[in-house]
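Student: The structure that follows is given in the form of structure tokens.
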């Protein structure tokens, strides 16, 4: 599904990612853990195509197709979804309008017909109910006045509506209380599929108690310093990142 080889990424004059290689097969959930400044968000932004993140070397492909050769909207149409650490507010644009516009833009890019209004509203109601989202929230300007938990549930709702092939969750547990974390995690787990892969970026083990990964990778100084099963996340919770930072320096 996702294959990254010897990736190097620079932001301004600073090299952040320094030779990162990673494979996430279809049907698997991989977690990326690491200290602040290790390059976790830089990796997610680079895969999504955010401007200002310059790939200087290496490759990244999705199902054999070169992601780095595509514009951000083209990556989205191919099935790449990035859940932000701090979701943006868009005043004046109702949530449902935003999501239907995005969904139809992706369908058009794939050569598919637009979704009809009745079919869209039926799907939206089904997904909102599963995430315990009040349908009235969907009619409000996107994320404006929402709590942190409401913003994250709205993002997972967008993810469920767009049904991407590669999910990149960038610290989606940030700012969530226990109840919101459980609801958001249930929404993510409902997206598990044999033809979909997930990259979960987090500082803490607690998210991985809810979203169980197949593999855990430690990112330090811009490269993968260690990989293992879910037990690696438990060891990191006990021991911290110091030894990996020292070894990567």
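No value in this document is a laboratory result; all are computed from the given coordinates. These numbers come from a predicted model, not from an experiment. Backbone-built Cβ (ideal geometry, glycine too); neighbour counts: all protein chains shown.
Student: Using Cα atoms only, what is the angle between the long axis of helix 148-162 and the major principal axis of the chain, expressed in degrees (0 to 90) to the nearest 10?
Tutor: Long axis of 148-162 versus the principal axis of the chain: about 80 degrees.
Student: Here's something else I'd like to know. Tell me, what is the FRET efficiency for residue 162 and residue 54 to the nearest 0.05, using R0 = 25 angstrom and their Cβ-Cβ distance as r?
Tutor: Numbers: r = 27 Å, r/R0 = 1.08.
About 0.40, to the nearest 0.05.
Student: At 7 Å along the Cα-to-beta-carbon direction for both residue 73 and residue 247, put a label point, then send me their distance in nm to one decimal.
Tutor: Placing both labels 7 Å along Cα→Cβ, they lie 4.5 nm apart.
Student: If I fit a long axis through the Cα atoms of helix 117-130 and take the longest principal axis of the Cα atoms of the chain, what angle between them do I get, 0 to 90°, rounded to 10?
Tutor: Roughly 50 degrees between the two axes.
Student: Express as a percent, rounded to the nearest 5, the fraction of DSSP beta bridges in the chain (both residues included) that run antiparallel. Could the numbers behind the result be given before it?
Tutor: Details: 25 of 43 bridges.
For the chain, the DSSP antiparallel bridge percentage is about 60.
Student: Mean separation of Cα pairs under 8 Å and 6+ residues apart, divided by the residue count of the range 109-203: what relative contact order is that in percent?
Tutor: 31 percent
Student: For the chain, count all C-alpha to C-alpha pairs, find those more than 30 Å apart, and express that count as a whole percent of the total.
Tutor: The calculated P(r) of the chain puts 26 percent of pairs beyond 30 Å.
Student: To continue, here is another question. Mind sorting 56, 14 by how few other Cβ atoms lie within 10 Å of their own Cβ, fewest first?
Tutor: Ordered by Cβ neighbours within 10 Å, fewest first: 14, 56.
Student: Sort 41, 3, 46, 116 so the one with the fewest other Cβ atoms within 10 Å of its own Cβ comes first.
Tutor: 116, 3, 41, 46
Student: Full-extension gain between residue 14 and residue 63, please, as 0.36 nm times their residue separation minus the C-alpha to C-alpha distance. If you can, show how the numbers build up before the last one.
Tutor: Working: separation 49, 0.36 × 49 = 17.64 nm, distance 3.00 nm.
Stretched out fully, the residue 14 to residue 63 stretch lengthens by 14.6 nm.
Student: Let me ask another. Once a ≥ b ≥ c are taken as the square roots of the eigenvalues of the Cα gyration tensor of the range 122-214, is the result rounded (a/c under 1.5), prolate (a/b larger than b/c) or oblate (a/b not larger than b/c)?
Tutor: Oblate, because a/c is 1.5 or more while a/b does not exceed b/c.
Student: Separate question: Quick check on the range 130-249: of the DSSP beta bridges with both residues there, what percent are antiparallel, nearest 5%?
Tutor: On the way: 5 of 10 bridges.
Taking every DSSP beta bridge with both residues in the range 130-249, the antiparallel ones total about 50 percent.
Student: Then there's this: Would you compute, from DSSP H runs of 4+ residues alone, the mean residue ellipticity of the chain at 222 nm, taking -39500 (n - 2.57) per run and dividing by the full residue count, rounded to the nearest 500?
Tutor: Counting only the DSSP helices, I get -11500 deg cm²/dmol.
Student: Also, I was wondering about something else. Relative contact order of the chain, please, whole-number percent, based on alpha carbon pairs below 8 angstrom and at least 6 residues apart.
Tutor: 28 percent
Student: Counting only the backbone N, which residues of the range 1-45 are under 15 Å from the spot 7 Å out from the Cα of residue 227 toward its beta-carbon?
Tutor: 1-7, 19-33
Student: How tilted is helix 230-239 with respect to the longest principal axis of the chain? Cα atoms for both, answer in degrees (0 to 90, nearest 10).
Tutor: Around 60 degrees separate the two axes.
Student: So if we plug the beta-carbon distance of residue 97 and residue 191 into 1/(1 + (r/R0)^6) with R0 = 22 Å, what FRET efficiency do we get, rounded to 0.05?
Tutor: The pair residue 97/residue 191 has a calculated efficiency of 0.45.
Student: If you don't mind, there's one more thing I want to ask. Per 5 Å bin, what percent of the C-alpha pairs of the range 45-179 does each bin hold, from zero upward?
Tutor: 2, 9, 18, 21, 21, 14, 9, 4, 1, 0
Student: Please work out the FRET efficiency for the pair residue 139 and residue 174, using the Cβ-Cβ distance as r and a Förster radius of 22 Å; give the result to the nearest 0.05. Intermediate values should be presented prior to the final figure.
Tutor: Values: r = 26 Å, r/R0 = 1.18.
With a Förster radius of 22 Å, E is 0.25.
Student: Between 130, 117, 180, which gets the highest mean-square fluctuation from a Gaussian network model of the chain, Cα cutoff 10 Å?
Tutor: Looking only at 130, 117, 180, the largest GNM fluctuation is found for 117.
Student: Report D for the range 150-190 in µm² per second (integer): Stokes-Einstein, Kirkwood Rh on Cα pairs, 4 °C, 1.567 mPa s.
Tutor: Once the numbers are plugged in, D ends up at 125 µm²/s.
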